[in-house]
Each structure stands twice: as C-alpha cells, then as structure tokens.
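Worksheet: one structure, shown below.
The values are calculated or read from the model by the stated rules, or taken from the named source; none is laboratory data. Bear in mind the structure is a predicted one, so any value in this text is a computation, not a measurement. Ideal geometry is used to build each Cβ from the backbone, glycine not excepted, and the neighbour counts take in all protein chains shown. To get the accessible areas, we keep the full protein, side chains included, count just its heavy atoms, and leave off ligands, DNA and RNA. Shrake-Rupley method; radii C 1.70, N 1.55, O 1.52, S 1.80 Å.
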Amino acid sequence: MKPKPHLPYLLVLPALAVLVAVLYPFLTGVWWSFTSYRLNRGAPTFNGGANYLNLFVTGEGLHAIGITLLYAVVVVSVECVLGIGLAMLLNYGPYGSTFRLLIVLPLLLPPVIAALMWKVMLTENGVVNWLLEAVGQPGLLWLNGLDSALWSVMIIDIWIFTPFVVLLAQAGLRSVPQELREASAVDGAGPVRNFFSITLPMLVPVLIVIIAFRGIDSLKMFDIIYTTTKGGPVDATTNLHVLAYLDGIRNMNFGAAMAALVVLWVLCNLLSSVLLRARRTEAGA
Amino acid sequence: MNASPSGSVARSRRRKKLLRHGAVIASLSMWSVFALAPLVWIVMMSFKKAEDIVAYPPTFVFTPTLTNYVEVLSSAKFMAPFVNSLIVTVGSLLVTVVIGLPTAYALARFSFRGRENIAFGILSLRFAPELLIILPLYLLFQKAGLYDSHLGLILAYQLVTLPMLVWMLRSFIEDLPGELEEAVAMDGGTRWTAFRHVLLRLIAPGLGASLMLSFVWAWNSYTLPLVLAGKNTQVITTGIQQYISAQSIDWGPMAAATVVSLIPGILFAVFSLRWIVGGLTAGTVKG
C-alpha cells in the first residue's frame, strides 16, 4: 500500500476534536481552581491559590484527602486478595464457569442501583440487622453510624467490584504455564511457595492493570458514596469527589470545588504514571 | 484387590482430592450467596405488598403481587427515564463508533508522530475525575442550550464510551496480522476495500465486545446525568432516586424499577462475558 502520510491524521481527526473540546472545560476548571468563584456572585477573580491553601489547611480538606486515600487503599487491597483467591478457586475445578456467572453478576448492575439495594438492606430495620439479631448479635447503624459509614460503603464497593478483579485475574492465571507449576511441585514446592514464587510473579502484568483501573476508580469514587450517604453522617464519607460536588453544586462555590478536583486529578495521574512505569519495567525485564 | 499399599495410597490421594474439591465448592458457594443475596432480596421486595415490605422481622414467605411492576411500567416517572436512557446510550454509542473506529484503526495500523500521545490523551478521559470536566461543561451547556437535552448528554457521554472503545478496538486490530490487508492490496484492492471486506469482519467480535462494555458503562453512568440532565432528560440512574424523598421511600416501586433497569445490563452480560474478558485483557496477558 502506498504510504499516505496524511491518512492517519485524517482518521484520528474526530477523536482529536473531542480531545480539544474536552480540553476547554478542563482548562476552565483548572483556572477556576485559582479563583474565588461563586456562581451567584459574578465572574471568577484570581485569588492566588487560596482554595488550595484552604484545602490543605482546613480540617475539611485534609479530612477529604484522608478519606480518599484510605478508601482507595483498603478497597483495592481487599478486592485484589479476594479477587485473586476467587479466580484461583474458579480455575481449580470443572465447575468454574457455572460459579463465574453467579460471581460476576454484581459487576453488571449500575453501581448506583447496587448501592441503593444495599442501602435498603442496611437500614436500621433491614434484613442485615435482622440476620445479626437472629444469631444473637446487636444490630449496627451501618450507613448511619459515624464510625461505621465508611466501612459500610467500602463493603458495597467490594461487593460490586471484586468480580472485576476475578475476571482479569482469571485471564491472567490462564497465561501461567501449567508445566512451570508442575515442575516446581515436583521439586517439592508446597502450594504456598508455589503461589508466591511462580503464580504471583506471573500475575504482575495483570495486577498492574487491575490496580490502575480499580485504584483510579476508587480514588474518584462518587456514585456509591453519594447515593448511600451523600458524604455523611457529618463528613464521615466525604472524599474529594463528593466534597467537590457539595462545594460546587450545593454551595455554588466553584473555586473550592475545582481545587479539590485538581488535587484529585493529580492523585489519579500520580498513580497511573507510577503504574505505567512499573509496566514498562516489567515489559523490559 | 485394595490390599496392595499402592492402592491405599491412591485411595487416600483420591479422598484428599475429593476433600479439596469440596472445600473449593463450599467457598465458591459462600461467595455466590454473598454476591446474589442483595439481588434476590430486591427481586423479592419487588413482588411484595407495601405492608410486607415494612414488616419486621422481614417476611420471606408472602403472597406475591405484580402491583409494583404495573405501577412502575405504567407511569411516566419510570418510563420516561428508561426511554431517555435508551436514547442517550444508543446515541452515544453511535457517535462513539463513528469517531472511535477510524481512530482505533489509525492507532493500530499506522505509526505517526504523536500517536502515543493521542492514544494516551483518549485514555486519560477515562481516568480524570468526571466532575472536573462536567462542572465547567454544565455552565457551557447552559450557554449553548445543550443543558437538559439529549444531544448534550450524548456528546458528554463520549467521556465514558470513547476511551473504552478506542483502547479495546486498538488491541483487537493489533492482534490481527497486517499481511491480511496487504494481501488484498496485492490483488489490487484499496485500503478501504481491505478494511471493509477483511478487517471489519475479523474484528466484529471485538467490536461487539467493546460496544457492549461501552453500553453497560454508559447505561450505568451517574455523575454525568446528575449534573447535565434536567427534568426532561433524566436517565434511569438518576430517575430511580425519585422514589426516595426526604420524607419517605416508595420501597415497592423502587424495587420493581430497580429490577427492570437491571435487565439490559444482565442481558448484555450473559451474551458477552467471554468477549468482554478477552477485550479487557487483550494486549496485557498475551502469550
């Protein structure tokens, strides 16, 4: 085929147009983050990073950053451990495909609706508390408790997204050559040793993809938290994304909202660049 | 005949294996119960009468009723968002295919300056916090008259659908040998005929998988319509919240609406699980 140097550019032109179109609101948002901008009080005026200062100095901002990080770390680690475990169990016997369909179902529900379902079950007089009482435990406040709200939301996240890890980990496990495992078993390696010296290292490329997707999604988690707790009680579940929504839509304070979002964006970018580098090293090794 | 020592070793090994399978099945069943219980509960709730729903202790045996479904399916409160969801999701998929297919092809088959930057730029749409783009877009849309319109939502949904489609399709196309198309060229065909008659057919499963995944993601999207949809364009994820007001929750209709809105996603899933997995992992776990 004759090379036509302009052809690829022509083909990506529409996508480029989308990128440029997105760049405009994005840059607008970044500009607002450096201004005092309340929607009901006229145009944005530059305030020299006061929004960022606020974010890092006030309890509210630091609290939101803490919640964001805690949420992501806990949720992703638990999902990775459970997901890889379940994937190995699924690959163990011939009954895996039947179970897989059951296990994967939660992933296909809109997270908002899945969260609502959990909210129904976790109310004070809900079925979960009834189950607890049936086995002699006191009921919990779950989403309404200052201490328990964050953990309850995390449980919902784990319920929805562990299947995502299962799917990817299963595919990853399939690429581990059976002979390698058998060989090490013959050499006397137990299942634990086998897992840590053969299976897990082979899973690293998939694990990087999993952590990238789940990590970024849970850093910017909004759907589940907002539909179940709206960030409350008080601010027990207010992460950066929810804080930005409350600042921006409820308080009409676009400047503060954008500062929170830019910080969140930086966090997401940090994570993805670390993971991209890890992947490159992995590929080069 | 089992008297020989080797026979008893085999038997104990077999028993051990049986035990291990039992343990695996038990653990998988436990997680399945955890995974399915909320679904079962909401389905049960959707068939309950109001008084059965609020009963405490909860009732597991009850006379099922279709009232909730009748109410939901006959009211604009649910049907309007459902139809809006269909319009917006299908519309944004069409736009995504028109934009994304040529892009994925170019990214996979040509090497040109800025290729990786463009590819990464598209993926970064998926990785940026939605509100960072949507809040400014909200004011922009109001000025442009796109706020609370189907077209506005369809355009905004590209943030969700385009990155997935382009990245999945790109790896599908890269997996196919370029010689296929060169052979067509050798026979005098153009790049266009090669694309249409050879490549498009071969990537059909991949295209299907990417579309399905994009469909589910667009259907599930919440942040975008929360900010950009008004009264006229409410979609299912925001519309379902209408059953929850500050004073009370309409449990029964909410449950029925939930069940109905789950159906499209589950249908897609059942038919495309294998493709989705292949698509997500293409390029990462080759070999």
Restricting attention to segment A:157-173, does a residue exist that is free of Cβ contacts under 8 Å to residues at least 12 places away in the same chain, away from chain B (no Cβ under 12 Å) and assigned to a helix (DSSP H, G or I)? no
For the subset of segment A:130-163 comprising residues that are over 25 Å from A:LEU102 (Cβ atoms) and among the polar types (S, T, N, Q), which member is nearest to the chain's Cα centre (by Cα)? A:SER148
Hey, among B:THR65, B:THR59, which residue is in contact with an Asp or Glu (Cβ under 8 Å, 6 or more places away or on another chain) and either over 24 Å from B:ILE263 (Cβ atoms) or at pLDDT below 90 (or both)? B:THR59
For segment A:216-242, enumerate the residues that are more than 10 Å from every other protein chain (Cβ to nearest Cβ) and not in a loop (DSSP other than H, G, I, E, B). A:SER218, A:ILE225, A:THR228
What are the pairs with Cβ atoms under 9 angstrom where one residue, in segment A:191-208, is more than 14 Å from chain B (Cβ to nearest Cβ) and the other, located anywhere, is part of a helix (DSSP H, G or I) and at pLDDT 85 or above? Sequence gap at least six, or different chains. A:PHE195/A:MET88; A:LEU200/A:ILE84; A:LEU200/A:LEU207
B:ALA35 passes all but one of the listed conditions (1) closer than 30 Å to B:VAL260 by Cβ; (2) at pLDDT below 90; (3) surrounded by 17 or more Cβ atoms within 10 Å (Cβ to Cβ); the exception is number (2)
Only one of B:PHE112, B:PHE127, B:PHE141, B:PHE82 is touching a Cys at 6+ places or on another chain (Cβ under 7 Å) and either away from chain A (no Cβ under 11 Å) or surrounded by 15 or more Cβ atoms within 10 Å (Cβ to Cβ) (or both); which? B:PHE127
From the residues in segment B:232-272 that are over 21 Å from A:LYS230 (Cβ atoms) and surrounded by fewer than 16 Cβ atoms within 10 Å (Cβ to Cβ), which one is modelled with the highest pLDDT? B:ASN232
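Residues checked against (1) more than 13 Å from chain B (Cβ to nearest Cβ); (2) out of contact with any Leu (no Cβ under 9 Å at 6 or more places or on another chain); (3) part of a helix (DSSP H, G or I):
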{"site": "A:ALA43", "(1), (2), (3)": "no, yes, no"}
{"site": "A:ASN51", "(1), (2), (3)": "yes, yes, yes"}
{"site": "A:ASN54", "(1), (2), (3)": "yes, yes, yes"}
{"site": "A:GLU60", "(1), (2), (3)": "yes, no, yes"}
{"site": "A:GLY66", "(1), (2), (3)": "yes, yes, yes"}
{"site": "A:VAL73", "(1), (2), (3)": "yes, yes, yes"}
{"site": "A:SER97", "(1), (2), (3)": "no, no, yes"}
{"site": "A:ARG100", "(1), (2), (3)": "no, no, yes"}
{"site": "A:PRO106", "(1), (2), (3)": "no, no, yes"}
Among the residues of segment A:154-193, which ones are open to solvent by less than 10 Å² (accessible area, probe 1.4 Å), under 30 Å from A:THR238 (Cα atoms) and of a type outside the set (A, V, I, L, M)? A:ASP157, A:TRP159, A:THR162, A:PRO163
Meets criteria (over 18 Å from A:VAL112 (Cβ atoms) and either of a type in the set (Ser, Thr, Tyr) or part of a helix (DSSP H, G or I) (or both)) for B:LEU224: no
